[in-house]
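Student: One structure follows; several queries about it will come next.
The values are calculated or read from the model by the stated rules, or taken from the named source; none is laboratory data. Given the structure is predicted, the values throughout are model-derived calculations rather than measurements. So basically every Cβ, Gly included, is an ideal-geometry build from the backbone, and we count neighbours across all protein chains shown. Each accessible area value is taken on the protein alone, full model and side chains, heavy atoms only, with ligands, DNA and RNA left out. Shrake-Rupley method; radii C 1.70, N 1.55, O 1.52, S 1.80 Å.
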Amino acid sequence: MSIFMLEKALWDLGDDPHKAAAYRENPNGYLDNYILTDRERNQVINLEVDQMADDGVSTLLTLMVYIMIRGTESFPDYLRKMGQEIPA
Amino acid sequence: MANIVGAFCMPHDPYLTASPPNTNQQQLNNVLGAFAKVADRVKELKADTVITIGSDHYCMFGPQLIPAYAIGIGDLTGPMEPWMGIEQQVVNDNREMAQHILQYGAANGFDWAASKTMCLDHGTILPIHLSVTPAGKQMKNIPIYISSTLEPFISMQRSHQLGKMIGDAVRSWPVDERVVIFGTGGISHWVGTREMGKVNEAFDHWILDLTEKGDLATLMSIEDSYFLEHGGNGSLEIKNWVCAMSTLPGFTGETYCYEPMPELITGLGVAELIL
């Protein structure tokens, strides 16, 4: 439909712990609740935050969801994914 | 009659209480010290109520509904974010005055979004936690959220008009209450973008300089595109400051502290608006 539907799929993950649990268990099944393109599904499943940001998705959401799914210790990973040179 | 007796601008960076590793402790102490100084001033001013103007970060509002401006008129709790290092709690409300501001706005061309059960995100709970609660357990709160960080963005002009209306509403409240206004957020920060961690000190000093001079006209002349380029997507929160400043007939500013803290992804400035 549009990146707004993609944003809804991301926002719901942050808003509802049950949905986040459903996503962790079966990402494809979770995403069946949203009308998304294959590219968008892949972006959410693989947390391609750089692609999503380039496509116009709010970076408040990409950051929130990345940290929520991968944990607060993944913050440097997020920055690497966004193209920053962060030492391991 | 109610009266605005003080006003302050300050950040609402959630990492101030989340304490991430590698934080410069001296800088952190300076910023927390400035928040404590605000709390002391709020107490000294014998405030009854603090109106905190902040912005949501896709915590409270989602793509399904993004209000241009919203007010908490009932039960208040917070924070929404469990990782802030602040235990979720009930926040003292002032629902009577909030209802008055809601109705005053409706009668004067401002159709508020209203929340009867508002769980506050860091946009307002952080300053409440650091500078209202320590000023006295009896202190009451009115949280106001304007859409300065979520698109569609509120315009600078509307932030100003809203602030002016809030000031007029407070001054028309027929109860003797002493009110303090907080404008929160900023200064430069890039949230979630490729530039995250960058701080533009020159931009931040310019904003604080304009605040000290009470130069609302120049602050209001800054275009969204300029904010985004020079201060990052988070610097649009200066509209929260403008909304707070606009509650006052005039002001100058006194900067309590400024600390550029890339590890907290923000240039952090705290200032009192001298009435």
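Student: How compact is chain B by the rule of thumb for globular proteins, expressed as Cα Rg over 2.2 N^0.38 Å?
Tutor: After normalising by residue count via 2.2 N^0.38 Å, the value is 0.90.
Student: Would you calculate, for chain B, the mean residue ellipticity at 222 nm contributed by helices, counting each DSSP H stretch of 4 or more residues as -39,500 (n - 2.57) and dividing by all residues, to the nearest 500?
Tutor: Using -39500 (n - 2.57) per qualifying helix, the result is -9500 deg cm²/dmol.
Student: Suppose a student asked you for the relative contact order of the stretch A:3-81, using Cα pairs under 8 Å spaced at least 6 residues apart; what percent would you report?
Tutor: Taking the mean separation of contacting Cα pairs over the length of the stretch A:3-81, I get 33 percent.
Student: Also: Tally the DSSP beta bridges in the protein assembly as shown and give the antiparallel ones as a percent, rounded to 5.
Tutor: 45
Student: Bin width 5 Å, alpha-carbon pairs only: give the P(r) of the stretch A:15-80 as whole percents, running from 0 to the bin holding the largest distance.
Tutor: 4, 16, 27, 28, 19, 6, 0
Student: Would you tally the net charge around residue B:20, using a Cβ to Cβ cut-off of less than 12 Å, leaving residue B:20 out, and scoring K and R as +1, D and E as -1?
Tutor: Counting the neighbours of residue B:20, the net charge comes to -3.
Student: Let me ask something additional. Let a ≥ b ≥ c be the square roots of the eigenvalues of the Cα gyration tensor of the stretch B:81-146; is it rounded (a/c under 1.5), or, if not, prolate (a/b larger than b/c) or oblate?
Tutor: Taking the square roots of the gyration eigenvalues as a ≥ b ≥ c, the stretch B:81-146 is prolate.
Student: Please say if the stretch B:196-275 is rounded, prolate or oblate, where rounded means a/c under 1.5 for a ≥ b ≥ c the square roots of the C-alpha gyration tensor eigenvalues, and otherwise the choice is prolate for a/b larger than b/c and oblate otherwise?
Tutor: The shape class here is oblate.
Student: For helix B:95-107, what angle does its Cα long axis make with the longest principal axis of chain B, in degrees from 0 to 90 and rounded to 10?
Tutor: Compared with the principal axis, the helix lies near 80 degrees.
Student: Any chance you could give the angle, 0 to 90 degrees and rounded to 10, that helix B:156-171 forms with the longest Cα principal axis of chain B?
Tutor: 40
Student: Here's something else I'd like to know. What is the spread of the Cα atoms of the stretch B:116-215 along each of their three principal axes, largest first, in whole Å?
Tutor: Sorted from largest, the Cα extents of the stretch B:116-215 read 48, 28, 28 Å.
Student: Loop-only chymotrypsin sites (Phe, Trp or Tyr not before Pro) in the stretch B:175-212, please: DSSP not H, G, I, E or B, and at most 16 other Cβ atoms within 10 Å.
Tutor: Filter output for the stretch B:175-212: empty list.
Student: Could you work out how far helix B:201-213 tilts from the main Cα principal axis of chain B, as a 0 to 90 degree angle to the nearest 10?
Tutor: Tilt relative to chain B: about 30 degrees.
Student: OK, next. Report the longest stretch of chain B that contains none of the trypsin sites (Lys or Arg not before Pro) sitting in a DSSP loop with at most 12 other Cβ atoms within 10 Å.
Tutor: B:138-275
Student: On to the next question. According to the square roots a ≥ b ≥ c of the eigenvalues of the Cα gyration tensor, what is the shape class of the stretch B:55-167, taking rounded for a/c under 1.5, prolate for a/b larger than b/c otherwise, and oblate for the remainder?
Tutor: Verdict is oblate for the stretch B:55-167.
Student: For the stretch B:111-186, what does the accessible surface come to per residue with a 1.4 Å probe? Please give it in Å².
Tutor: Spelled out: the 1.4 Å probe surface of the stretch B:111-186, per residue, equals 35 Å².
Student: Leaving out ligands, DNA and RNA, what percent of the accessible area of the protein assembly as shown is carbon and sulfur, probe 1.4 Å?
Tutor: It is 51 percent, rounded to a whole number.
Student: Another one. With the radius of gyration and the Kirkwood radius both derived from the Cα set of the protein assembly as shown, what is their ratio Rg to Rh?
Tutor: 0.96
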